[in-house]
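Reading through the C-alpha cells given below for one structure.
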Amino acid sequence: MEATNILDVERFVVACNDVLTGKFLDLNKRLDKFLAVMTNSEDILELLADCLQDFDEETEFSKAFSIDKKSGVVRLALPSEDEKRLALCVSIFNDLINEKLNTNQFLETYFQDSKLTPMQNFLDKIVKPFRDSICKIFELKSNLTADDILKQEEEAEKAAPKPVVEETVVEEEFPHLSELLAEVVKSCNQVLSVLKFEKKRTDVLDDVEFVTNSIIKACEKKDLMVVNGLVIGLNYVSKKFKNIRGIVADLNNLIYDYYEYLAQATDKTENN
C-alpha cells in the first residue's frame with residue numbers, strides 16, 4: 001500500500017518497537033503511548049477504517065480466543081488475513097482503552113504463560129503481529145529505529161522548498177496563525193478518523209463530530225476566537241471518548257501555547 005506520508009507510518013512502527021521493549025508496568029499506558037503516535041498517520045487510520053468495515057468483532061474474537069472446557073487450555077489464534085488481524089487487534093486496543101474490556105481480567109484469562117508475564121505475552125501475541133501486518137502492507141522493515149526516522153527527517157528538510165511568506169493583515173495581528181490552524185485541522189481530522197472506530201451511533205458521538213467539523217470550518221475562515229470557543233466546547237462533549245482524549249488535550253495545548261506566544265510577542269513590542 002502506498003502511503004502519502006510514509007514517515008508517519010514509520011514513526012508508528014518505531015513507537016511499536018518502543019512499546020515492545022519498554023518497561024511500563026501498566027498495559028494501558030503502553031497502549032496510550034503507541035496509539036497516540038498511530039493517530040498522527042492518516043494512512044494508518046484510513047487503512048484501519050477500511051479493515052473495520054463489515055468486521056464482526058464478536059465472531060472474530062470468539063474464533064481467536066477460546067478455552068477448552070475440559071482441560072482449561074487457552075487457544076489464541078489471530079486471523080491469518082492481515083486486514084482481519086488489524087481489525088481485531090485495533091478493536092481490542094479500543095476496548096481496553098475505553099474499559100469495555102477489563103485489562104487485568106483479559107490478561108489473566110488469555111495470556112498466562114510459563115516463560116512470559118501476561119503483559120509480555122500480550123505484547124508478543126497481539127502488538128507484535130499488529131506491527132508486522134502494518135509493515136507488510138506498507139512494505140516497511142519491522143526493525144526501524146528512531147535514528148532511521150531522524151536521518152529521513154533531516155534529508156526531507158534539506159530537500160523541502162523554502163516556504164513563501166505572505167504578509168497579510170491577519171498574519172500581522174496574529175503571526176504564524178496559518179501554521180497553528182493547520183495543526184488544529186490535522187488534529188481534528190485525527191479525531192474524526194478515530195471516531196470511525198466507534199461501532200454504535202449516539203447523540204453524543206454526533207455532537208463530537210459536529211463540534212470537530214465546526215472547528216475545521218472556523219479554521220478555514222481563520223477565526224481564532226471561534227476556534228478557541230469550539231475547542232473548549234469539544235472538551236465537554238468528548239469526555240466519554242477516552243480514545244480521543246490525548247488528541248483533544250493536544251488541541252488545548254496548541255491553543256494555549258499560541259496565546260502564550262501572542263502575549264510574549266505583545267510584551268516585547270510594548271517594551272521596545
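The values are calculated or read from the model by the stated rules, or taken from the named source; none is laboratory data. Bear in mind the structure is a predicted one, so any value in this text is a computation, not a measurement. Quick reminder, even Gly has a Cβ in these numbers, built from the backbone with ideal geometry, and neighbours come from all protein chains shown.
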Checked Leu35, Leu31, Leu52 against criteria (at pLDDT 85 or above and not charged (D, E, K, R)); the one match is Leu52
When restricted to Lys63, Lys115, Lys100, Lys84, the only residue closer than 20 Å to Cys16 by Cα, out of contact with any Leu (no Cβ under 8 Å at 6 or more places or on another chain), in the same structural domain as Phe138 (by TED's automatic domain parsing) and of a type outside the set (Phe, Trp, Tyr) is Lys84
Matching residues in the range 68-100 (more than 22 Å from the chain's Cα centre (by Cα) and either under 15 Å from Lys196 (Cα atoms) or at pLDDT below 90 (or both)) number 7
Scanning the range 227-245 residue by residue, the ones that are touching a residue at least 40 places away in the same chain (Cβ under 8 Å) and of a type in the set (Lys, Arg) total 1
Residue count, the range 231-243, condition modelled with pLDDT of 90 or more and within 13 Å of the chain's Cα centre (by Cα), comes to 0
Filtering the range 139-174 down to residues that are in a loop (DSSP other than H, G, I, E, B) and at pLDDT below 80 yields Ala160, Pro161, Lys162, Pro163, Val164, Val165, Glu166, Glu167, Thr168, Phe174
